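Please read the structure below before turning to the comments.
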Amino acid sequence: MELTRKNIADIKSYPTRILQFGEGNFLRAFTDWIIQNMNDKINFNAGVDVIQPLENGMINLLNEQDGLYHVYLKGIKNGEPVREFKRIDCINNGINPYTDFEIYEQTILNPVLRFVVSNTTEAGIAFDETDTLQMNLQNSFPGKVTALLYKRFKAFNGAMDKGLIFLPCELIDRNGDMLKKYVLRYSEKWELSDEFTSWVKQSCTFCNTLVDRIVPGFPKDDIKNIQAELGIEDKLVVVGEYFHFWVIEGPDWIQKEFPASEAGLQVKFVNDMTKYREQKVRVLNGAHTGSYAVSLLYGIETVRESIEHIEVGRFLKELIFDEVIKGLDGNEDDLKAFASKILERFYNPYIRHEWTSIALNALSKWETRCLPSLLDHVQNTGELPRKLVFSLAAMIAYYKGEVDGQKYTLNDDQVHLDYFSNLWSQQNGTPESIYKLSEKVLSYKSLWKKDLNEIQGLTQAVSSYLYLIEQVGMKKAIKSVLGKKQPSNKAA
């Protein structure tokens, strides 16, 4: 039986109070799951309209199931293994603005709309100089938000109670502040009214947030068994770990409008989320992004297999304990305990978290999650962190798109893929050509926001590791950085 509203007897309906940019696995297993729990437990009474942010997406499949799907949680709860299903029915509409622009435009005119949630990848909150107000659909997410807000401002004559609360889930520092900054920048560039700018500042609230739940996604290897257990053909089942945590930085009154804690959910409202973000992004996400290329080039497919592997697991642990947490503020024992908890989650026997999903848009992820740890380590110790440098070299090797004669698909912004493809096509395998390739990668300012060749000794170290990986393969190359003393960053 197909999963549609006509086939389910107890489906509720909710007024659309939330606009969501993004229909991917994470938002469906995290924010929509949280909203569903709030509806079920405390009568939050909020429906969601989901916008497909990119031209290619899965809105059609979501609409085929009338916005219904199941979140399948697997993990440890109170020390005991748990697995549970949660049917999500809070999604009212899925909208593709590239094919249904008029419907998309109308979403912002909903008088009871209150929240905007988003996850447009770490590269999503950016400014595009080519965006104009006259475009049917702006290229950037902040451009789209500005155009929609201006339409709402005019439709409600600048009514102060028609502002919106933004809860961006993009994993960048101060995501709400960045979104607001670009909205105001577009307002100035497009010469919108001073009244509109004041309305955005006074009536709209842009919260900085931090999200945490490992979401492997669609269980393709086990979907038939899951559908049989559910007794219905759900094509959008999304798997997540049981653990979840959402930190929201904003004014105190936000908690009253979004009372997730009253539903027993791990949603924390704070005045300053800095320490939470630094710890989570650098340890959890940094471990993932810092290890994915090493693992895949080694031939390991999942996070759990890596953490259980003698050499790759050792690399991952040394990266975190010897390098990453060294740059974090806080009590050392507390940081080690936090890191140990994170690594425990990697051992989750019920989660198949594939490295290929972590590899999506990995370049911008490495810049956000790992580069700050590398820079802090150099500044604090005067030495290059061996594991992080090796991780960077491994990522460059991964972006060759081929290992041992076998090609694989890279998933990243096309401009980055073209850049790396061009560089790899010019190298001939000699130490000199590998050094030049490394030098070019480290000078890629549009990615790193700076020229990394200026870090003393980094170019030589990266090129040496990259040459080693190319010559002997990952299984032998990884041995060079395990349990070794960290080198000085002085150029040889």
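Screening region 388-492 for helices (runs of 4 or more DSSP H) wholly inside it with 3 or more residues that are among the hydrophobic types (A, V, I, L, M, F, W, C) returns the ranges 414-426, 431-442, 458-472.
If you go through region 110-160 and keep only what is among the hydrophobic types (A, V, I, L, M, F, W, C), in contact (Cβ under 8 Å) with a residue 24 or more places away in the chain and over 22 Å from Cys207 (Cα atoms), you end up with Leu133, Leu137, Ala155, Phe156. Scoring Arg185 on the criteria (1) surrounded by fewer than 16 Cβ atoms within 10 Å (Cβ to Cβ); (2) in contact (Cβ under 8 Å) with a residue 60 or more places away in the chain; (3) not in a loop (DSSP other than H, G, I, E, B) leaves a single failure, condition (2). Restricting attention to region 331-350, does a residue exist that is in a loop (DSSP other than H, G, I, E, B), out of contact with any helix residue (DSSP H, G or I) (no Cβ under 8 Å at 6 or more places or on another chain) and touching a residue at least 60 places away in the same chain (Cβ under 8 Å)? So far as region 331-350 goes, yes, one or more of its residues are in a loop (DSSP other than H, G, I, E, B), out of contact with any helix residue (DSSP H, G or I) (no Cβ under 8 Å at 6 or more places or on another chain) and touching a residue at least 60 places away in the same chain (Cβ under 8 Å). Looking across Leu392, Leu375, one residue alone is under 23 Å from Trp448 (Cα atoms), out of contact with any His (no Cβ under 7 Å at 6 or more places or on another chain), assigned by TED's automatic domain parsing to the domain that holds Leu452 and surrounded by fewer than 20 Cβ atoms within 10 Å (Cβ to Cβ). It is Leu375. The lone criterion from (1) surrounded by fewer than 19 Cβ atoms within 10 Å (Cβ to Cβ); (2) out of contact with any His (no Cβ under 6 Å at 6 or more places or on another chain); (3) in the same structural domain as Lys201 (by TED's automatic domain parsing) left unmet by Gln266 is number (2).
Table: residues versus (1) surrounded by fewer than 17 Cβ atoms within 10 Å (Cβ to Cβ); (2) in the same structural domain as Lys476 (by TED's automatic domain parsing); (3) under 18 Å from Lys280 (Cα atoms).
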position	(1), (2), (3)
Ile300	no, yes, no
Gly313	no, yes, no
Ile320	no, yes, yes
Ile325	no, yes, yes
Ala337	yes, yes, yes
Glu344	yes, yes, yes
Arg352	no, yes, no
Ile358	no, yes, yes
Ala362	no, yes, yes
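The requirement of being within 30 Å of Lys189 (Cβ to Cβ), in contact with a helix residue (DSSP H, G or I) (Cβ under 8 Å, 6 or more places away or on another chain), of a type outside the set (Gly, Ala, Ser) and in a strand (DSSP E or B) is not satisfied by Val48. Of the residues that make up region 98-120, is at least one closer than 30 Å to Met1 by Cα and touching a His at 6+ places or on another chain (Cβ under 7 Å)? No, that holds for no residue.
The values are calculated or read from the model by the stated rules, or taken from the named source; none is laboratory data. Treat the numbers as computed from the prediction; the structure is a model and nothing was measured. Glycine also receives a Cβ, built like all others from the backbone with ideal geometry; neighbour counts cover every protein chain displayed.
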